[in-house]
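Right, one structure below, let's go through it.
What follows is calculated from the coordinates using simple rules that are stated; it is not laboratory data. Model, not experiment: these values are computed from the prediction. Here the Cβ positions follow ideal geometry from the backbone for every residue, glycine too, while neighbour counts run over all protein chains shown.
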Ligand SMILES: Nc1ncnc2c1ncn2[C@@H]1O[C@H](COP(=O)(O)OP(=O)(O)O)[C@@H](O)[C@H]1O
Ligand SMILES: [Mg+2]
């Protein structure tokens, strides 16, 4: 029998564990990636063929990809198309529509990629979102400014990692910024800034059934980490607490409303200071900033590997939900002024992972006890500030 052929699309270097698991499951694994990533450390043993698309800073011309993949399909039947990075969702859906390959089409893809589309869809379904307006029609923008007290956030509809997001103090500033955007303004939305804590839920869905979801809270909202500098932390919530249960219900409602059929999702929520939960954003991918490692440390479940199993099952064969070990974990990441910071000084037995990346420091701690994770995270995050970040102006701490 012909093996199932899975075409993975990765304009960035991502998803090694997806590729490995797909191969372990017996699939023929094809990878399409950026020409500039030719030297990247892909798991060669798990990839049958690799193709390169010319890129400008990882951006491709869609037509290069569509024509290249279509040419490939003359020789190999393509059964699945999977985008490994957020920026690859459009490409993957466009190719599925073109080759008529099953999977998420362009309409649903937008709910997981376009921050305007996901808000509108969530709002339609009665899911609370911060007040927002598309930066398009002058009268509607003026009406928003009159109705919603500042500050506001102006954000691009298709970015990630806090790129391009800015806080706006009032109407004068807004019109100046909007003027400078010129004819790009329709690619933005404006919304109410909701002060509060930011949470994320990382989910596995099969045939619209939520098979597992891990709820966590960022120590400092990602916007503050990237704009004011500091240490990025996130930690699983204690299971069964009111907060965790409420967030799980909210997340299930959101994924139902947006119509995720199968795959993984990293979704974010704000708990406003007034106690109201708001939907912030979602995606149909594994969370960045080492969240996959965090979830695996706590539960033993690797989201990349589960996603590969789900794509291969494809709604046609059963997918067995993995067992989520009920432990806890916390993650700390920051830039470091040292080229290779010494992480061995964080030597509690609960430290289960250390980041190896130039000018970065990162660790994950794990325990059966939530309180112990919080205690270690607090102590270590303070030491990160002193030992790694003290004199460094932060620009691009990981935050998605
Ligand atoms: N409406 C909002 N109110 C308060 N903070 C916000 C709001 N929108 C975004 N932020 C802050 O900006 C960060 C990034 O915004 P988000 O919409 O998640 O985009 P990204 O795709 O860049 O992660 C959030 O984690 C949060 O800290
Ligand atoms: Mg975000």
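Okay, here's what the table says:
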item	result
Per-selection Rg to Rh, the range 217-256 - Cα, Kirkwood hydrodynamic radius	1.11
Residue-span extension gain [residue 123 to residue 45] - 0.36 nm each, minus C-alpha spacing	23.6 nm
Convex hull volume per residue in cubic angstrom - Cα atoms of the range 5-103	87
Ellipsoid equivalent to the range 79-173 - semi-axes via the Cα gyration tensor, in Å	32, 15, 11
Residue 207 paired with residue 358, simple spin-label distance in nm, labels 7 Å along Cα-to-beta-carbon	4.9
Sorted peptide list for 63-73, 188-198, criterion being average Cβ within 10 angstrom, highest first	188-198, 63-73
FRET E, pair residue 72, residue 159, Förster distance 41 Å, beta-carbon r, rounded to 0.05	0.90
Estimated distance in nm for a label pair at residue 347 and residue 131, the labels positioned 7 Å out from Cα along Cα-to-Cβ	5.6
Fewest-first ranking of 120, 104, using other Cβ atoms within 10 Å as the exposure measure	120, 104
Residue 100 paired with residue 242, simple spin-label distance in nm, labels 7 Å along Cα-to-beta-carbon	5.5
Mean separation of Cα contacts under 8 Å, 6 or more apart, over the residue count of the range 5-103: relative contact order %	33
Gain in span if fully extended, residue 321 to residue 261, counting 0.36 nm per residue against the direct Cα distance	20.1 nm
Helix-only [θ]222 nm of the chain, DSSP H runs n ≥ 4, -39500 (n - 2.57) each, per residue, nearest 500	-10000 deg cm²/dmol
Order of 116, 136 - criterion: other Cβ atoms within 10 Å of each residue's Cβ, fewest first	136, 116
Global geometry of the chain, whether rounded, prolate or oblate, following the gyration tensor of its Cα atoms and the 1.5 cut on a/c	rounded
Relative contact order computed over the chain (Cα-Cα under 8 Å; 6+ residues apart), in percent	14
Cβ-Cβ FRET estimate between residue 180 and residue 378, R0 fixed at 56 Å, reported to 0.05	0.85
